[in-house]
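The values are calculated or read from the model by the stated rules, or taken from the named source; none is laboratory data. Note that the structure is a prediction, hence the values are computed from the model and not measured. Reconstructed Cβ throughout: ideal geometry from the backbone, glycine too, with neighbour counts over all protein chains shown. We work out accessible area using only protein heavy atoms, side chains counted, and drop any ligands, DNA or RNA first. Shrake-Rupley method; radii C 1.70, N 1.55, O 1.52, S 1.80 Å.
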Amino acid sequence: MASEVETALVERYFRHLGSVRTDVVLGIGDDAAVLRAPPGMDLAMTTDSLVEGVHFHPGAAARSLGHRALAVNLSDLAAMGATPGWALLSLSLPAIDDAWLGEFSTGFGLLARSFNVALVGGNLSRGPLNITVQLCGMVQSGTALRRSGARPGHELWVSGTLGDAAAGLQLGSDASGAAASAASATERAWLRARFEYPTPRLALGQALRGIASSCMDLSDGLLADAARLAQASGCGAILQVERLPVSSALRAHEPASSWQRALQGGEDYELCFTAPADQAARLQELAAGLALPLTPCGTLQAAAGLVLRSGSSVIQFSQSPFEHFIS
Ligand SMILES: [Mg+2]
């Protein structure tokens, strides 16, 4: 993209997203941003891309893409117990579309402002639609949450409800799903919003420092991600399927299969964490304070691998047990 065009687009759509923090010494417009990290803090960095046809359907709403591109990175910092600070945005666009850019920067900007994130640089280029955000945050030195601290006997917890986003994604791309659903129009809209506008659990992640023994965010579904968390801690885990938190909207929409959706649906962006059993009361207090359900739904054990249980019986499953749900 010609540099004058890029400069004009940055001025119009993005420069105002850089002025929310006082620790930005030099933001958008120079060769690199200069940031002043406070003493006593470790920096936490992450990056994630949204690629058309891979992470979203062609024609997806630009406002939602702006929100999600930042939200998935905020969720990674939430999983570390970090506080977000500064973002870089690399945007590749097939054509300059002012309406699209306006909506995209609104979706990105509303979420950025609500978490005090400054956009401090990036680049625009012409090409297939691809959105990459890099996010830097901070956490008091030595206190970042990790995946590796769980021990046998610790309980496995999740925030919010699971599976809503995966059902919402399918509802957004398949009109027949809505026709067959017993969920109300309001419930279906809520499921779609759970995919299009996920809420990163930053306050929870920060509060879990000193309580949780390990933590990660759920992007690929609890079944895959809990296995990763347990493995990173050198443990295995038992998941109790009847304890999985499932929303009333998902239950209405998929009465027979909501628990499979909760296990396997991706894009939840809830937190999955472990804690010693004696932290349960403290976690329930935290849930009440944050008005966010926290649910214990499993236990870590020494034996490697993930075991699914319903009541006291073990559910057998293969590598891809619920292929019929993947459309
Ligand atoms: Mg993650």
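Brief remarks follow.
- Peptide packing for 149-162, 24-37 was compared via the average number of neighbouring C-beta atoms within 10 Å per residue; ordered from the highest value, the list is 149-162, 24-37.
- Cα point-scatterer Debye curve for segment 3-140, base-10 log of I(q)/I(0) at q = 0.10, 0.15, 0.16, 0.18 Å⁻¹: -0.30, -0.69, -0.78, -0.99
- Stretching GLU4 away from GLN140 to a fully extended chain increases their span by 44.9 nm, per 0.36 nm per residue minus the current alpha-carbon distance.
- Isotropically averaged projected area of segment 191-246, using the convex hull of Cα atoms (one quarter of hull area), nm²: 4.9
- Working ranking of peptides 274-282, 63-71 by packing, defined as the average number of other Cβ atoms within 10 Å per residue, highest first, is 63-71, 274-282.
- Here the ratio of the Cα radius of gyration of the chain to 2.2 N^0.38 Å is 1.03.
- Ellipsoid semi-axes in whole angstrom, largest first, where each is sqrt(5λ) of the Cα gyration tensor of segment 139-292: 29, 16, 14
- Average Cα contact separation per residue, the chain, under 8 Å, 6 or more apart, as relative contact order %: 22
- The value of relative contact order for segment 3-140, using C-alpha pairs under 8 Å at least six residues apart, is 39 percent.
- ARG243 versus VAL314: modelled label distance in nm, points set 7 Å from Cα along the beta carbon direction: 1.8
- Rounded to whole Å, the principal axis extents of the Cα atoms in segment 106-217 read 51, 46, 25, largest first.
- For LEU306, the residues whose amide H sits under 5 Å from its own are ALA237, ignoring neighbours fewer than 5 places away on the same chain, with H placed 1.01 Å from N.
- In sequence order, calculated HN-Hα J values of segment 151-156 (Karplus, 6.51, -1.76, 1.60; Hz; x Gly/Pro): 10, x, x, 5, 8, 9
- Here r is the Cβ-Cβ distance between SER49 and ALA281 and R0 is 51 Å; the resulting FRET efficiency, rounded to 0.05, is 0.80.
- In the full protein context, segment 3-140 carries 45 Å² of accessible surface per residue, based on a 1.4 Å probe and ignoring ligands, DNA and RNA.
- Sequence-distant contacts, meaning Cα pairs under 8 Å at least 6 residues apart, place the relative contact order of segment 155-325 at 40 percent.
- Nearest-ten-degree value, helix 185-196 long axis tilted from longest Cα axis of the chain: 70
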